[in-house]
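The values are calculated or read from the model by the stated rules, or taken from the named source; none is laboratory data. Remember, predicted model here, so these are calculated numbers, not experimental data. All Cβ positions, even for glycine, are placed from backbone atoms using ideal geometry, and neighbour counts span all protein chains on display. The accessibility values were calculated without ligands, DNA or RNA, using every heavy atom of the protein model including side chains. Shrake-Rupley method; radii C 1.70, N 1.55, O 1.52, S 1.80 Å.
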Amino acid sequence: MSRTSLFVPLGVFLLIVGVGYAGFKLNDPHELPSALLDKPFPEFSAPLLADSGTVVDRTALLGKPVLVNVWATWCPTCKAEHEQLLRIRESTGLRMVGVNYKDDPAKARSWLRQLGDPYDFVVQDADGSLGVELGVYGAPESFLLDARGTIVYKRVGDINPRIWRDELAPALARLNGVAAGGKDE
Amino acid sequence: MARMSSVGGARTCATGAHASRPRTAAWLLATLQATLPATLLTTFLCVAGATVAWAAGPVDVYKFATPEEEVRYRALIDEFRCPKCLNTNLSGSDAPIAKDLRRTVHRLLTQEGLTDQQIRDYLRDRYGDFVLYDPPFRPGTWVLWLAPLVFVIIGVLVVWRLLRQPAAEPLSEQEIARLQSILEDQ
């Protein structure tokens, strides 16, 4: 046994510590990387929550950046998120479209009446089929779209003040920067 | 802000709601301490639930035109992973999203007539590699695929070095005599 091999156990120990540290730093395993990032928002047609007789499709999302937020009244985190959405809406005027995911329309309508309505419009996804198109596997989830309907940012889970500050607001600023840059030319 | 549901993980496996998660180490420790019993219990319940689900299988009633279609359907839902429940396949999960995806697979297979590979691509386009238990070999997954090979090589090297060590030298006459006397004393 040479003297250096005495340090092998220490090396192994440090390796284990390193792997453990990296493991703790990793993101929540429940947060899947999005397959839809940088891809166009899928085609759909869905009835409005406010008026089940009116059906809208993908073109309703185009023209300006928009935050598509998947929510439901059965989802407790959505309620916490709702306040933040209202604040963002008020402070930035960001266009928001809700996807009412596997929910009861009557309950959803009264939810918006009670808690406030940050959305331009809300579409119903009663059976979760739009959710499948979007790769949604729970609520809340949110997608930021550019004016052409390309998904530039996705968030699985709630949009809280930290996510807004660290991720969503910068993503939105980049979008607006690109839009402003485009106009200058 | 309600932080009631911030434990995440096992508790939400059957509901379809994403829990909110502040992500600091201190928070993690405090939450672990405060919620360990509840987490253990819910984990146990989820595991027990999954076991029961595996034994019985969630019941969907679907029609198939041919027995072959049904065989393909069953093979596919066994193959895909439930996005919500991490360690369960579609056929074994009670999560609402697993039900939706089973319905989607059924629709694609029976109504749209997609091949197995097309159905795999369809789900992968939407949910990513995650839904495939069999991850593709590309830069992001090199570690995943090559780590076992590296460990095997390390193992072989260790065994090789151990085997190459020279055998111990035979005892001298003095040592034999000493050994003999020790053994006789016993």
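The P(r) of chain A has a tail past 29 Å containing 31 percent of all C-alpha pairs.
Of all alpha-carbon pairs in the stretch A:94-146, indicate the percentage at a distance above 15 angstrom. For the stretch A:94-146, the share of Cα pairs beyond 15 Å comes to 49 percent.
Which of A:Thr54, A:Phe41, A:Leu14 sits farthest toward the positive end of the charge dipole of the stretch A:1-125, with +1 on the Cβ of Lys and Arg and -1 on the Cβ of Asp and Glu? Of the candidates, A:Leu14 comes out farthest on the positive side. For B:Lys99, the lysines whose Cα falls under 30 Å of its own Cα, not counting residues fewer than eight places away in the same chain, are A:Lys39, A:Lys79, A:Lys102, A:Lys107, A:Lys154, B:Lys63, B:Lys84. Hull volume per residue, based on the alpha-carbon atoms of the stretch A:60-132 and their convex hull, is 86 Å³. The angle between the Cα long axis of helix A:105-115 and the main principal axis of chain A comes to about 80°, on a 0 to 90 degree scale. The phi torsions of the stretch B:71-83, fed into the Karplus equation with coefficients 6.51, -1.76 and 1.60 and a -60° offset, translate into couplings of 4, 4, 4, 5, 5, 5, 6, 6, 7, 7, 9, 6, x Hz, rounded to whole numbers, with Gly and Pro shown as x. Which of the three applies to the stretch A:89-185, rounded, prolate or oblate, going by the alpha-carbon gyration tensor with a ≥ b ≥ c and a/c under 1.5 meaning rounded? Here the stretch A:89-185 falls in the prolate category. Listed by chain and number, the aspartates and glutamates placed with their C-alpha closer than 14 angstrom to that of A:Lys64 are A:Asp120, A:Asp146; residues fewer than eight positions away on the same chain are left out. If contacts are Cα pairs under 8 angstrom and at least 6 residues apart, what is the relative contact order of the stretch A:1-114 in percent? Relative contact order for the stretch A:1-114 comes out at 21 percent.
Estimated from helical segments only, the mean residue ellipticity of chain A at 222 nm is -11500 deg cm²/dmol, where each DSSP H run of four or more residues counts as -39500 (n - 2.57). Got a sec? Which residues of the stretch B:108-156 lose 50 Å² or more of accessible surface with every protein chain in place, vs. that chain alone, 1.4 Å probe? Flagged in the stretch B:108-156: B:Arg126, B:Tyr127.
When chains B and A come together, the accessible area they lose, probed at 1.4 Å and totalled over both chains, is close to 2700 Å².
What is the ratio of the Cα radius of gyration of the stretch B:92-186 to 2.2 N^0.38 Å, where N is its residue count, to two decimals? Output field value: 2.47. For the residues of A:62-75, the average number of beta carbons from a partner chain within 10 Å of their own beta carbon is 1.
Direction-averaged projected area, Cα convex hull, the stretch B:56-144: 6.2 nm², rounded to one decimal. Between A:Trp74 and B:Val61, the FRET efficiency from the beta-carbon distance, with R0 = 22 Å, is close to 0.35.
Remark on the stretch B:70-109: hydrodynamic radius 9.7 angstrom, per the Kirkwood mean of 1/r across alpha carbon pairs.
Centre-to-centre separation between the Cα atoms of the stretch B:112-186 and those of the stretch A:55-120: 51 Å.
Using packing as a proxy for protection, rank B:157-165, A:75-83, A:44-52 so that the peptide with the highest average count of other Cβ atoms within 10 Å comes first.
On the way: B:157-165: 8.6, A:75-83: 21.8, A:44-52: 15.4.
My ranking of the peptides, most packed first, is A:75-83, A:44-52, B:157-165.
Taking amide H positions as modeled 1.01 Å from N, with prolines and chain starts lacking one, the residues under 5 Å from A:Ala139 and 5 or more places away or on another chain are B:Ala17, B:His18.
Rolling a 1.4 angstrom probe over the stretch A:103-170 with all protein chains present gives an accessible area of which 48% lies on carbon and sulfur atoms. Counting only other chain Cβ atoms within 10 Å of each residue's Cβ, the peptide A:123-133 averages 3.
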